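Right, one structure below, let's go through it.
The values are calculated or read from the model by the stated rules, or taken from the named source; none is laboratory data. It should be emphasised that the depicted structure is a prediction, and the values quoted were computed from it without experimental measurement. Cβ coordinates were reconstructed from backbone atoms using ideal geometry, including for glycine residues, and neighbour counts include every protein chain displayed. Note: accessible area is taken over every heavy atom of the protein model, side chains too, but ligands, DNA and RNA are not part of it. Shrake-Rupley method; radii C 1.70, N 1.55, O 1.52, S 1.80 Å.
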Amino acid sequence: MKNSKKTILITLIPAVLTLLFITQVLFPAIQNYNDLRNKFIETKNTYKETQIRVEQLQNNKKLLTELAELNNKVADFDIQIPSEFEDEFFLVDLGKFSINTATKIIALDSKKEKAFEINNPNGDQDKTSKKNKHRRKKQEEQPVYPLTIYEKPFEIKTLGHYNKIINFVSCLENYQRKFIINGVSAEISKNDEANPNPKIELKIEGSTFKAVKNTETTELQEQ
Amino acid sequence: MKTININLIGDFKKTSKTDPKAKKGSSVDARNQIYAYILIIGVFIVFTAGIGGWFLVKQMTSNLDRKLVKLNEKLNTLNQQETQLSLFRKNLKKEKEITELKIMIQSQLNNTFFPWSGVLQEIATKIPKYIIVLKIEKEGKATQSKNQNDSLKLKISGIIPANKKQEPLMAISLFIFNLNDNQNSLLSNAKISKLDFNDKTKAYEFEIETSIRSN
């Protein structure tokens, strides 16, 4: 009887050891595998999502085409509105116009530059009364654009025969730089009043512009 | 357990009697032996299967691990690519925004453009003979909005000698008529604002106000 008990007890040892093996080695291994599998599935999903996003991002052709079309429209913007007023070139060009049109520039008065208000056509909805209040509010709420335009007013007095003066004005209108004429005033030159074909003194009020990139805005947008 | 019978009188009988209890005990042993065998075999099978399963799981884990490492590498590359592409896209968008703003500014400035040379030319073609224009003056302020441009006016001052063959008032009237005649012209709504006869110069001094059409 004792022997048989011994035998059973001895046979139980491998059973216990097997049980230990199953609980301590096999089950954790399976658990580890399952965890790894879940992680793998998760990573695979992330990969797929990222791949879709990358494919979408790679599809920048449309944006590039749009940009190219837009750039074509403003190809001469930097010439029309440079980043600096470049008065030295402006004066040279005025001199050329004056020579070409047989007129004489008798005075040039430049005024202080000021910021040019950009009117967004999409934001013109509040055009009602209480203008002053709204204007003040509007100034406060003026969106910060990546570009700021500055305007430099000029007053140019030129002397010449009427048709020549028209040519001079025409030159300014067709100038490669943006020169907006706000108004003109003409009168017969006082020194030439007796002349049957007198010279005209023409006062032209106009402005040149410069475009300055707002680095702060860009940085803020990036943030 | 064995009992030995010693018969000192009779024949020697070599008989042995087994104790029923002992007999019973030997049968329990055999059964236990079978149980033990079954248990050992069962344990062996389970253990072998366990080992096999463990190896299999280990193998699968190691395969999956390798795949995961590769996938992570791919994901990292993809992430880098995504970062670069999003930066590129961001730059494109920024550039687009600037370009759109440029277009807006350009159109706004173009709206303020007014062909002054055309106005001066128009005046030149519409002045009747004998009228001498002394001054062309802008009144009002040109603004950026098209509608407000209507408020821009020109004051044309001039003289006409009274001793000429043509009637001075007729000539001034003709000048106003010419200015108002063509509805597509740049100048419109011309009206006389002042008319004086200067006795010293024997000439009529006049002032005509005219509106400038914005389009």
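The mean number of partner chain beta-carbon atoms within 10 angstrom of a residue's beta-carbon across peptide A:40-50 is 3. Taken residue by residue and averaged, Cβ atoms of other chains lying within 10 Å of the Cβ of A:203-213 number 2.
What do you get for Rg/Rh over the range A:1-59 if you use C-alpha atoms and the Kirkwood form of Rh?
A ratio of 1.60.
Within the assembled protein chains, the solvent-accessible surface assigned to B:TYR37 is about 140 Å², based on a 1.4 Å probe.
Sequentially through the range B:92-100, phi angles give Karplus couplings (6.51, -1.76, 1.60; θ = phi - 60°) of 4, 5, 5, 5, 5, 4, 5, 5, 4 Hz, Gly and Pro residues having no value and appearing as x. Placing a label point 7 Å from the Cα of B:LYS70 along the Cα-to-Cβ direction, the residues of the range A:22-48 whose backbone N falls under 15 Å of that point are A:40-41, A:44. Using a 1.4 angstrom probe on protein heavy atoms only, the contact between A and B buries about 6900 square angstrom of accessible area, both sides summed. Express in whole angstrom the spacing between the alpha-carbon centres of the range A:15-35 and the range B:24-74. Answer, in whole Å: 9. Using a probe of 1.4 Å on the protein chains alone, the accessible area found for A:GLU173 is around 30 Å². The alpha-carbon atoms of the range B:41-126 define a convex hull whose volume equals 112 cubic angstrom per residue. Distance from the alpha carbon centroid of the range B:75-139 to that of the range A:74-112 works out to 18 angstrom. At 1.4 Å probe size, with no ligands or nucleic acids counted, give the accessible surface of B:ILE38 in Å², nearest ten. The value for B:ILE38 is about 100 Å².
Shown are A:VAL184, A:VAL25, A:VAL144, A:VAL16, whose ranking by accessible area with a 1.4 Å probe and every protein chain present, most to least, is A:VAL144, A:VAL16, A:VAL25, A:VAL184. Mean per-residue shielding of peptide B:56-62 is 5, counting Cβ atoms of other chains within 10 Å of each Cβ.
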